[in-house]
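The values are calculated or read from the model by the stated rules, or taken from the named source; none is laboratory data. All of these numbers come straight from a predicted model, not from anything done at the bench. A quick note on method: Cβ atoms are made from the backbone with ideal geometry, for glycine too, and the neighbour counts reach across all protein chains shown.
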Amino acid sequence: MHGGAGAGEIERAGGGMRRVGGWAGGRFGATVVLLLTAQPLNHLTAQDTSHIVFPGDTMHRGVRPMGAFWRSFLLPGWGQAVTDRPVTGAAFVAWEGVTAMMTLKAQQEANYLKEIHSTSLKLKRQEVQDWLVLWIFNHLFSGAEAYVSAHLRDFPPNLKMQALPNGRGISISIPLR
């Protein structure tokens, strides 16, 4: 400050900090990591889950969500079929057929236009790419739908929703088993 008056470098707030490094810093870090990852030596009774018996209603039945995803990702409609959604599965199979056939048809037309040196070859190649993207999207969307439907398989289907009498909200009744 003025004429050397005021707090010195060490005396200021936030001044003079030193970093722990070298052998001592590494040893401290290793000790912290060891303490954070150490397992307790005794087995606590609250953590013992071997005696829990799950009722039949809470046990997972059927295919797991990732299993349904992979089935429908590989073959659209398969995951829907194993989650008891045959109509949805049939829709994905039908769209799979449409996109596959239209991709092949557009590719054949593009090959023909290439043979005759047509000026519209670029547009036909774009059409092939568009159908191919829709084909790939069908696989991804079918897998995602099967994943969600496998998660919601045990959700009660008969939920009812109605407006409240004064019109400022809704009431939802959920039937309990």
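Out of 115, 127, one residue alone is modelled with pLDDT of 95 or more and loosely packed, with under 12 Cβ neighbours inside 10 Å. It is 115. Of all residues in the range 59-76, none are farther than 30 Å from residue 144 by Cα, modelled with pLDDT under 95 and surrounded by fewer than 12 Cβ atoms within 10 Å (Cβ to Cβ). Considering the conditions (1) at pLDDT below 95; (2) under 30 Å from residue 151 (Cβ atoms), residue 91 is excluded by exactly one of them, (1).
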